[in-house]
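The structure appears right after this line, and notes come after that.
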Amino acid sequence: MDRLWTAVAGAVAVLLAVVTLYLYLDREKALRAAVEARRALAEQSAQWATQREELTAAALRESERARETEAQWRAKHEEIQTHAQTQVRAAQADAARARTAADVLRSRAEALASQCTPYRDQAAGIAGPTPGGPAAANPGAVLADLLGRLTQTAGELAAVADARGAAGSACERAYGSLK
């Protein structure tokens with residue numbers, strides 16, 4: 001029986017040695033696998049960092065390109081706006097000159113109107129017929145007044161047309177600059 005116990009004890013010792021060796025080898029495998037996993041994780045993290053840097057640099061380049069384009073558009077629009085303001089000022093100066101010329105013309109028409117006398121029939125010595133109502137005291141004054149009103153209205157309409165034309169032209173150029 002001693003021999004049996006010795007054989008059993010020896011078998012248990014060998015079994016323990018094998019189990020210990022197996023566990024040790026599995027632990028070594030596990031450690032090697034963990035080291036390999038850490039290395040793979042470090043490599044992946046490095047790749048992600050590189051990709052992040054590349055994407056950040058590309059985003060910065062695109063952002064700078066967009067800022068340059070916006071600056072070019074802004075400069076073009078400011079140039080267009082300045083040109084439109086110059087056109088409006090020129091139109092206003094032209095309108096002022098036209099008003100001055102109209103005033104001179106009106107004054108001249110009034111001077112001529114003051115020299116006119118009402119129409120009289122030379123033979124009968126009476127005023128001519130007036131189908132629409134009584135005759136004006138001085139037809140030249142009526143014409144001078146009408147001329148004054150026409151030139152004033154024409155000047156106002158021309159000023160509005162010039163301003164709208166300059167604004168429309170500036171709008172067209174601003175839209176064209178975006179292409």
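Brief remarks follow.
- Taken about its Cα centre, region 1-94 carries a charge dipole of about 420 debye when Lys and Arg each add +1 at the Cβ and Asp and Glu each add -1 at the Cβ.
- Fewest neighbouring Cβ atoms within 10 Å first, the residues TRP5, TRP73 line up as TRP5, TRP73.
Where a number appears in this text, it was derived from the coordinates with a stated rule and is not lab data. This one's a predicted model, so the numbers in the text were calculated from it and none came from an experiment. As a convention, Cβ positions derive from the backbone with ideal geometry for all residues, glycine included, and neighbour counts pool all protein chains shown.
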